[in-house]
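Here is the structure we will look at.
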Amino acid sequence: ETGVTQTPRHLVMGMTNKKSLKCEQHLGHNAMYWYKQSAKKPLELMFVYSLEERVENNSVPSRFSPECPNSSHLFLHLHTLQPEDSALYLCASSPGLAEDNEQFFGPGTRLTVL
Amino acid sequence: GQNIDQPTEMTATEGAIVQINCTYQTSGFNGLFWYQQHAGEAPTFLSYNVLDGLEEKGRFSSFLSRSKGYSYLLLKELQMKDSASYLCAVRDGDYKLSFGAGTTVTVRA
């Protein structure tokens, strides 16, 4: 257990559905991240929040919409996704944004878009 | 863009040593991380190098040469539970991590 939980662990959705991924960290961290991990590809940073403010939006399509209501919770709202969006979505947190702060990852949500 | 290269797969025998190389070409450098990821699980932190040299943590060691843009992760006395994917990641700015595609290590009895 890394102290970062994600729900659901698996999600199958159609292209017209709307769903949300949830991440919660129990570590008292101030920074939270969303990554996309596709098969055989590097992790791609999607969004970064620090103290509930978005500090990074890495050219992610608008069909992905993040929300950070407080420093412990992070959501990723999904709508009108495409099959190529099928991937493992990982949430991470770190104490802050300092250089030597390691990131603690959750187990991910395996998303399949039909 | 950032370029981080590591081998796709490696196989080794239980009790042996395996070295996973990582080369990087990034616009900046503020440290290099190694993570371990078992199938279906979260990546977990293994090591952090920001200065040249070797960092040792039990059976795992990580080396960095900033002038060569090169790092390696050394796994000694391999155990079956070490079968996993190993991710090299470079912090190239304030907080952004750029990851390699990962090296899948298979340990055989």
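Nothing in this text is a laboratory measurement; each read-out follows from the coordinates by a stated rule. Everything numeric in this text was worked out from a predicted model, so none of it was measured. Ideal geometry is used to build each Cβ from the backbone, glycine not excepted, and the neighbour counts take in all protein chains shown.
For chain A, taking the reciprocal of the average inverse distance between every pair of different Cα atoms yields a Kirkwood hydrodynamic radius of 14.0 Å. With the cut-off at 1.5 for a/c, could you classify the range A:1-46 from its C-alpha gyration tensor as rounded, prolate or oblate? Oblate.
In summary, the convex hull built on the alpha carbon positions of the protein assembly as shown has an orientation-averaged projected area of 11.9 nm².
Of the chymotrypsin sites (Phe, Trp or Tyr not before Pro) found in the range A:36-95, not one falls in a DSSP loop while having at most 12 other beta-carbon atoms within 10 Å. Fewest-first ordering of A:15, A:46, B:10 by other beta carbons within 10 Å of each residue's beta carbon gives A:15, B:10, A:46.
Size of chain B from its Cα atoms: along the principal axes, largest to smallest, the extents are 42, 29, 19 Å. Per-residue 3J(HN,Hα) values for the range B:13-28, derived from phi via the Karplus relation 6.51 cos²θ - 1.76 cosθ + 1.60 with θ = phi - 60°, read 9, 3, x, 7, 10, 10, 10, 9, 8, 9, 10, 9, 9, 10, 6, x Hz in sequence order (x marks Gly and Pro).
Do you know the Lys pair count in the protein assembly as shown for C-alpha distances under 17 Å, with sequence separation 8 or more or different chains? For the protein assembly as shown, qualifying lysine pairs total 5. Going by Cα centres, the range B:25-61 and the range A:38-114 are how many Å apart? Cα centroid to Cα centroid, the span is 21 Å. Rounded to the nearest whole Hz, the Karplus-based 3J(HN,Hα) values (6.51 cos²θ - 1.76 cosθ + 1.60, θ = phi - 60°) of the range A:75-87 follow the sequence 10, 10, 8, 10, 8, 6, 6, 10, x, 6, 7, 4, 5, with x at glycine and proline.
Looking at the range A:34-65, the trypsin sites (Lys or Arg not before Pro) that sit in a DSSP loop and have at most 11 other Cβ atoms within 10 Å of their own Cβ are A:40. By the rule of a second cysteine Cβ within less than 4.7 angstrom, chain A holds isolated cysteines at A:68.
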